[in-house]
Structures are given as structure tokens and as C-alpha cells.
Amino acid sequence: KEYISFVSDSTNFESFGPVKGLLGRWHSRFPHPKLDPVAVWDDMVTSRCTMMRKLMEHFYAKAPSRESVSMETEDSESVINLPRLKEQFCREFTHLYLRTADTARLQNNYAVAGKYLKLTEEAINEYFPDNGELHLEWLHQVAEMRVQQAEQDPSPPKLLSILTLLSRLESKNKDSVLSTNHSLGCQHFLLEGHCFDLFSDALGSQDGEELILSDMSDQQTKQLNLLVRQSESATLTPDVVFNKLKLQALSSLKAGLKSGNEEHRASSSSSSSFSVGSGSGSGNSG
């Protein structure tokens, strides 16, 4: 009904404000992640994506010349800037896929979670190839799913997937996004620390070293050498691997806590500034 009402009013296609409001309402309305089954989420994604594509078609059909709107006016809600509008829709597609993938993971539906993570990856690569934050958010979702699967089924294949995952997480450790987005940085390093812990605990368990190390490919052995800062010519003994993985876990957890503290300080500073500004405003008006 909301969609039909929106497209029935031609004035909704004359400026950016109405569609921005519609997308904002959709962005804040989702089924329950635990009470509503994945099928409900799947239907929601299908219907919203269909409606958003039709809305884009309406805008392009009604305003073929608006693509040339000056970039100086792109922040104004009184004009339609088609490239900006397309970007907004694409962000909503990506957000929908990520939210649904996370819900499917929470409900242990890894087939659906994997499907939406693939759709997310494709959307990011097509529309936001240079957006470091989105790439990291996607990687963290993949990591959450792999960790959950390995915890539920600690078989060598699942645990060795954590090893490959750790290599991917470590490759992002120096990304500038992690130092500017403290929330993302905190999540990244805590997740990485958890992966190190999970893999080292599996190695330290009874028969763990034999089960895991014997199943490792040459590529995985190389990855493990890199993770524990061991030269390829050195012998990887289980004790050395276990101790170095634990040290790496501790280092990652410390980095995560540091990012979390920086986020807290930034948040406290912002709150204090707002309070001071509000207080001075009250004093002046008095």
C-alpha cells in the first residue's frame, strides 16, 4: 500500500525528499531477526528490491535530462540528481543483503546466509569498489559465519577455513579505515583475536594437532607460517604454533580494546561538546 500510494502521487518524483523519506522508513523497518523465519526475510528482500528497481525506472523515465544536474546541488532535497539517487538505492540493496545474511546466520541457515553474502560482495564490487568500510563489513560477516560454523562443527575442514580467514583479516590490519572508524576497528581486531583463539584451542585439544596439521595443504602451511611469523624453512612444531597463535590472539584483542576505548572517548567527547553547547545556549537565552 505504501509503495502504491507513493507512485500514485507524481509530485513524489519531482524532488529527492519524498523518496529519501520512503527509503529511510524502509531502512528502519525489518522483520524480527530471531522470531521471523528466514523465508519472511527472503520475501521482504525480493519485494523491496523489486519496488526499488521500479522506482528507479520511474525516476529515469520522468527525468531523462536530470543526470546532468550540477553536482553543486547534489545535497539539496529539492532537486533530483540521478547518479546520487542511484547510489542511494544501491546502498539500500547492499544493506538489505547484509542484514538478511546476518539474520540467516543467527538462525543457522548457512545456505541462505552464503547466498546473501555473495549478493553483497557482487553489489559492493559493482557499485562501491573503493569503499573500504563496506568491504570490511562484508568480510566481518563472512568471518562471523565461518567462526560460528567452526564452533558448531570443529572438524578439520571447518577449522582450516578459519586459517584462511585469518590471513584475509590480517591483510586488512593496516587499512586506514580501521584507524578512523573505531567501531569497525574494534570489531575487526576482536574478531581476529577470537579466530586466533579458536584455531589455537583446536590445536591444543586432544588429537587436535594430528587432525589439523596432517590435513593442511602446502598453501595452508604457508599461511600458518606467515601468521606465526615463522620462516618457511623452520619446522612448525605444535608447541611453537600454539604459543605463537596465543600471542597473536592477545595482540589482536589488545588492538580491539584500544579501538573500543578510542571509540568511547570520541563518543564521550561528542556528548560533552553537545552538553556544553546546549548549556551555553540556555544561558544566553536567559
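The values are calculated or read from the model by the stated rules, or taken from the named source; none is laboratory data. None of these values were measured; they are calculated from a predicted model. Don't worry about glycine lacking a Cβ; one is built from the backbone with ideal geometry, like all the others, and counts go over all protein chains shown. Heads up: the accessible areas ignore ligands, DNA and RNA and are worked out on the full protein's heavy atoms, side chains in. Shrake-Rupley method; radii C 1.70, N 1.55, O 1.52, S 1.80 Å.
Taking the 1.4 Å solvent-accessible surface of the chain as the whole, the part contributed by carbon and sulfur is 51%. Charge dipole (Cα centre; +1 on Lys/Arg Cβ, -1 on Asp/Glu Cβ; no other charges) of region 86-160 amounts to roughly 260 debye.
Counting only lysines at least 8 places from K244 when in the same chain, those with an alpha carbon closer than 29 Å to its own are K158, K172, K174, K222, K254, K258.
Relative contact order (percent) for the chain, with alpha-carbon contacts under 8 angstrom and 6 or more residues of separation?
Across the chain, relative contact order equals 14 percent.
Reported to the nearest whole Å, the Cα centre-to-centre distance from region 75-126 to region 1-61 is 13.
For the chain, the solvent-accessible area of protein heavy atoms averages 54 Å² per residue (probe radius 1.4 Å; ligands and nucleic acids excluded). The loop-placed GluC sites (Glu not before Pro) in region 168-261, going by DSSP, that have at most 10 neighbouring Cβ atoms within 10 Å of their Cβ come out as E232.
Label sites at C49 and K174, each approximated as a point 7 angstrom past Cα along Cα to Cβ, lie 3.7 nm apart.
Cα-based values for the chain, radius of gyration first and Dmax second, are 23.9, 76 Å.
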